[in-house]
1. Among 94-101, 64-71, how do they line up by average Cβ neighbours within 10 Å per residue, starting with the highest?
2. Grab the Cα-Cα distance for Asp114 and Thr32, subtract it from 0.36 nm times how many residues apart they are, and report the gain in nm with one decimal.
3. For the pair Thr122 and Ser142, what calculated FRET efficiency results from E = 1/(1 + (r/R0)^6), where r is the Cβ-Cβ distance and R0 = 35 Å, to the nearest 0.05?
4. Taking the solvent-accessible surface of protein heavy atoms with a 1.4 Å probe, what is the per residue accessible area of the stretch 15-126 in Å²?
5. Say each of Ser79 and Ala91 gets a label point 7 Å from the Cα, pointing the same way as Cα to Cβ; how far apart are those two points in nm?
6. So how far apart, in nm, are the two label points at Val40 and Leu106 if each is 7 Å from Cα heading toward Cβ?
7. Would you please classify the overall shape of the stretch 41-106 from the alpha carbon gyration tensor, given that a ≥ b ≥ c denote the square roots of the eigenvalues, rounded means a/c under 1.5, and beyond that prolate means a/b larger than b/c while oblate covers the rest?
8. Got a sec to turn the phi values of the stretch 63-71 into Karplus ³J(HN,Hα) couplings, 6.51 cos²θ - 1.76 cosθ + 1.60 with θ = phi - 60°, whole Hz, x for Gly and Pro?
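The values are calculated or read from the model by the stated rules, or taken from the named source; none is laboratory data. Keep in mind that what you see is a predicted model, and the values were worked out from it rather than measured. Every residue, glycine as well, gets a Cβ built from its backbone with ideal geometry; the counts of neighbours run over all protein chains shown. The protein model used for the area step is the full one, side chains on, heavy atoms only, and it has no ligands, DNA or RNA in it. Shrake-Rupley method; radii C 1.70, N 1.55, O 1.52, S 1.80 Å.
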Amino acid sequence: MRKGLSIIVVIALIMGSFSMAFAAVPTDVAGTDYEESVSVLMGLGVINGYEDGTYKPERVVSRAEMAKLIIVALGLENSAGAVTSRFPDMAGATWAQGFVALASDLGIVIGYPDGTFKPSSTVTYNEAVTMILRGLGYTDASRGGVWPSNY
């Protein structure tokens with residue numbers, strides 16, 4: 001149940017264009033319509049805040065951040081520390097190496113045809129939905145059709 005609830009909460013996070021956050025209630029979300037959602041995600045340990053005590057809800061989610069959100073929502077964050085990503089363009093996102101590597105090993109992310117992951121690029125809705133469904137156990141073969149319409 002935690003896995004399903006966490007994935008649903010991650011979907012809400014993406015659809016609301018949220019980013020990473022937490023503390024008590026971050027100063028920049030206190031009193032807003034999404035204060036409760038942020039608090040729930042923080043309570044579940046799916047997200048955390050920035051060191052300055054903010055949430056930065058105006059920021060978009062990167063591909064590396066989305067990989068981390070999925071791995072944390074699945075409760076696999078402890079397994080992410082021991083692996084290194086096979087993608088050659090992860091140098092600028094060393095904090096995400098383990099998360100992206102584990103997401104790749106689990107088939108949640110596959111990268112681009114040129115072998116890169118583009119960790120700093122904004123995750124698109126198509127990519128986010130694909131990652132979420134793959135995290136829930138759906139495979140490309142089980143979906144049929146052509147991406148992204150098959151997701």
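1. In decreasing order of mean packing, 94-101, 64-71 become 64-71, 94-101.
2. Details: separation 82, 0.36 × 82 = 29.52 nm, distance 4.17 nm.
Here the segment from Asp114 to Thr32 would lengthen by 25.4 nm.
3. On the way: r = 27 Å, r/R0 = 0.78.
My answer for the efficiency is 0.80.
4. Per residue, the stretch 15-126 has an accessible area of 49 Å².
5. In this crude label model, Ser79 to Ala91 measures out at 3.1 nm.
6. Rounded to a tenth, the inter-label distance reads 2.1 nm.
7. oblate
8. So the Karplus estimates, Gly and Pro as x, are 4, 5, 4, 5, 4, 5, 4, 5, 4 Hz.
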